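S.K.: After the structure tokens below, expect a handful of questions from me.
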Amino acid sequence: MATRPIEIGPAGIRTARNIERLRLARGLSQHQLAERCTALGRPLTNTALSRTERGRRRCDVDDLVVIAIALGVPPAALLPSWTAHGAVSHSAAQTLNRIQGALLG
């Protein structure tokens, strides 16, 4: 029985773009960022990172945390800003941001 790939939704795509944007802002190649992640104890190849940035590979929470640490930002900095997209009401966005902050530090 063949398994269907899990689609990457809008939050995953936005996270992928944020990873790439911050990596480039720090002047890092995908290879350099992957090496930093591996040195932090989470082996990550530049191919895996490339697929993540292109939205071809899901970024699990362990990858997200180590990528954030390697980039020198809190994990929440890689996640979409719900208030910027108007996807939810202001009070719901505040609740989501509090939950993100509590879960991700």
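S.K.: Would you calculate the separation in nanometres between label points at Ala76 and Ala25, each defined as 7 Å from the Cα along the Cα-to-beta-carbon direction?
M.R.: It works out to 1.6 nm between the two label points.
S.K.: Would you mind telling me the share, in percent, of accessible area of the stretch 1-46 contributed by carbon and sulfur at probe 1.4 angstrom? Show your work: numbers first, answer last.
M.R.: Details: 1800 of 3320 Å².
Ligands and nucleic acids excluded, carbon and sulfur give 54 percent.
S.K.: In nm, to one decimal, how far is the Ala39 label point from the Ile69 one, both placed 7 Å along Cα→Cβ?
M.R.: Distance between label points: 1.3 nm.
The values are calculated or read from the model by the stated rules, or taken from the named source; none is laboratory data. Fair warning: this is a prediction, and the values are worked out from it, not measured in the lab. For neighbour counting, all protein chains shown are included, and Cβ atoms are generated from backbone atoms with ideal geometry for every residue, glycine included. The area values use the complete protein model at the heavy-atom level, side chains included, leaving out ligands, DNA and RNA. Shrake-Rupley method; radii C 1.70, N 1.55, O 1.52, S 1.80 Å.
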